[in-house]
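Worksheet for the structure shown next.
The values are calculated or read from the model by the stated rules, or taken from the named source; none is laboratory data. Since this is a predicted model, take the numbers as computed values, not measurements. Backbone-built Cβ (ideal geometry, glycine too); neighbour counts: all protein chains shown.
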Amino acid sequence: MIGFMYDKLNDFGTLSAAGDFPNTIGMGEASAERMTVDIKQPEGAITGGPVTLTIKGSDSEGGAYAVIVTSGSITLDMIKEGYGLPIPKTKYKFLRVAISGTFTGKVQAIINTYLGK
């Protein structure tokens, strides 16, 4: 079994209500293509849902952010099983993530750098 750690530099932060996660990730010359944005439950199970995850990008940190990809409905069972939204190839150097829907509890969004087999 392969183990991997999450890096704080890949963490979009946590939310307890719908909206933009607080952290923006500057990619520099790196690419997140083939990686995923995972939703975690940092303080125990959440209730409610389903929710929708949106990855947005911009050419500058303070610029306008455009939608790169949006998930379908993500159920709580999918989150418990380890949901990850694949990041497509993109030209943007700054990434943000937003979550919509109604839920109770805290969710965390983080880039999972594992590229698979």
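Here is how the numbers come out for the structure above:
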quantity: Close pairs (7 angstrom Cβ cut-off, 6 or more residues apart or separate chains): under 10 Å from Met35 (Cβ atoms) in segment 100-113, modelled with pLDDT under 90 and not in a loop (DSSP other than H, G, I, E, B) anywhere; calculated: Ile111/Asn10; Thr113/Asn10
quantity: Thr90 being among the polar types (S, T, N, Q) and outside any loop (DSSP other than H, G, I, E, B); calculated: no
quantity: Leading residue by the ranking (farthest from Thr47 (Cα to Cα)) among those in segment 68-103 that are among the β-branched types (Val, Ile, Thr) and more than 13 Å from the chain's Cα centre (by Cα); calculated: Thr90
quantity: Unique residue being more than 18 Å from Leu9 (Cα to Cα), of a type in the set (Gly, Ala, Ser) and either touching a helix residue (DSSP H, G or I) at 6+ places or on another chain (Cβ under 8 Å) or surrounded by fewer than 12 Cβ atoms within 10 Å (Cβ to Cβ) (or both) when the list is Gly101, Gly44, Gly105; calculated: Gly44
quantity: Residue within segment 55-67 that is assigned to a strand (DSSP E or B), in contact (Cβ under 8 Å) with a residue 40 or more places away in the chain and surrounded by 15 or more Cβ atoms within 10 Å (Cβ to Cβ) present; calculated: yes
